[in-house]
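First the structure, in the form of C-alpha cells, and then the observations on it.
The values are calculated or read from the model by the stated rules, or taken from the named source; none is laboratory data. In this text, all values refer to a predicted model and were calculated from it rather than measured experimentally. Ideal geometry is used to build each Cβ from the backbone, glycine not excepted, and the neighbour counts take in all protein chains shown. Surface accessibility is based on the protein's heavy atoms, side chains included, excluding ligands, DNA and RNA. Shrake-Rupley method; radii C 1.70, N 1.55, O 1.52, S 1.80 Å.
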Amino acid sequence: GLAYNQFTGTDNKNGPGSGGIEKFNNLQFNFSNDKHKALTFTLNAGTNGTHTTLDQTNQRQTTLSDSSLLENRVSHSVSHNESVHGNVFLEYNIDSFSLIYLRSAVTPSWSGHSSLDTVAIQTAKTSNSYLSNQGRTDNSSHSNQYNITNALNFRQRWRRPGRTLFLSLTQSYEHQNQPQNIF
C-alpha cells in the first residue's frame, strides 16, 4: 500500500515554516506449489521504501546599535530508499531416502539523499542596505547494493536408522557502491 503523511513542523516543535511530505510503500508476494509430492516450489518476494521531501524557510532579523541584519535561509532536502527481496526454495524428493533442495535469495537496495541550503544576509544601515554575505551548500549521497546467496543441499538416508549423508554447497556475493558529492 501507499501512505502519505504531511508534516507542518509543529509536530517536532520546529515551529511554523517547515514542511515536508513522506511517502511509504510496501508490497509482498508469496507463491507456493506443493501439488506434486516429489517437487515443492516456493517463491517469496517483496519491496518496501520511503521517499521524504523537506522544505524549510527561516527569516531572522538582528538589531545592532548602528545597523540591522536580515538573514533569509532556504533549505530543501530529499531522501529516498528502496529495497527488494526475493527468495526461492525448491525441494525435490528423488526417492524416499534421497532429497535435494536449493534455496536462493537476492536483495538489491538503493538509497539517496540530497540537500540544498542557501543563505543571504542583508545589512541595513540608516541610509542604505547591501548584501553582506551569501552562501550555498549542495550535498548529495547515493548508495546501491545487492546480495546474492545460494545454498544447494543433498541428503541421503539409509534403511538403518541414524545413518545419513548430508552435503552442502553455499555461495554468497555482495556488492556496494556509495558515491558522495559535497559543494
Within region 24-37, is even one residue of a type in the set (G, A, S) and at pLDDT 85 or above? no
Which numbered condition V119 misses (of (1) outside any loop (DSSP other than H, G, I, E, B); (2) open to solvent by 70 Å² or more (accessible area, probe 1.4 Å)): (2)
When region 134-176 is examined, which residues are found to be surrounded by fewer than 10 Cβ atoms within 10 Å (Cβ to Cβ) and either within 38 Å of the chain's Cα centre (by Cα) or among the acidic types (D, E) (or both)? S168
